[in-house]
Structures are given as C-alpha cells and as structure tokens.
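Engineer: Once you've had a glance at the structure underneath, I'll fire off some questions.
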C-alpha cells in the first residue's frame, strides 16, 4: 500500500517536472532545447550517481541553481551552481532524490533522479 502511494506521488512529481520544462523551452522526443544556449539537456551529466558525499554537474553552463527534493516533493537543499562545483549531500539519508537544475530565470534546464548511498560506501 505504502509503495503504491509513493509510486503515485513520484509519478505526479515527474508529470509536474515535464509540464514545467515546456515553459520557456521546446521539447522534441524527450530532448529539451534551451533558448539561451546550444547545450542540450541530454549533454548535462550528473556524477557520480549513485553518490555518497557530493555530486557534480558536467556541461552545466546554463545551470545557475540546483535544488534537491525528496520523493514527496519537499525541497531539501539548494545550491548556487558554478563550474566544477561539488554539491555536498553527505548529510542526507540514503535514498532516492530528485535534482532540478535551474537557469538564471528559474526555468528548469534538466531534472534527474539521484541515488544517495551511505557516506563512505
């Protein structure tokens, strides 16, 4: 029962993310094109994933802010992003999180699921 409820909540969050990405950008076959740059959202990579202490974003030239949400949609952490930034997550419990990458107008550039491992594992 609880698993079914979590699945429904996650689906609603994912649908909301998809709806928000269409504001201010165009989408074609799941690839989001930003009006500000030639960088495609599919070129933006988050690593390591799974992560234990931190994660980084590769090719995130349009990304200005990174927001981490739990699976209930509650904002857990927020970071300003810059090149080669290591976003610290060692204080988070192990589990699955949603990471949204936002541009300077707070439009979603990309969203991913981040798996958080126990620290030091």
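Each value in this text was obtained by applying a stated rule to the coordinates, not by laboratory testing. Quick caveat: nothing in here was measured; it's all calculated off a predicted structure. Note that we place each Cβ from the backbone using ideal geometry, even for glycine, and neighbour counts take in every protein chain shown.
Engineer: What list do you get for 57, 108 if you sort them by fewest beta carbons within 10 Å?
Structural biologist: Going from least to most buried by this count: 108, 57.
Engineer: Can you put 71, 101 in order, fewest other beta carbons within 10 Å first?
Structural biologist: Going from sparsest to densest Cβ surroundings: 71, 101.
Engineer: Same structure, new question: At 7 Å along the Cα-to-beta-carbon direction for both residue 104 and residue 54, put a label point, then send me their distance in nm to one decimal.
Structural biologist: The modelled label-to-label distance comes out at 2.5 nm.
Engineer: On each of the three principal axes of the Cα atoms of segment 49-95, give max minus min coordinate, whole Å, ordered largest first.
Structural biologist: Reported extents, whole Å, longest axis first: 28, 20, 14.
Engineer: Mind checking the full-extension length gain between residue 113 and residue 72? Use 0.36 nm per residue of separation minus the Cα-Cα distance, one decimal, nm.
Structural biologist: On the way: separation 41, 0.36 × 41 = 14.76 nm, distance 1.30 nm.
Contour length minus Cα-Cα distance gives 13.5 nm.
Engineer: In addition: Can you sort 65, 105 so the residue with the fewest Cβ neighbours within 10 Å comes first?
Structural biologist: The order, fewest Cβ neighbours first, is 105, 65.
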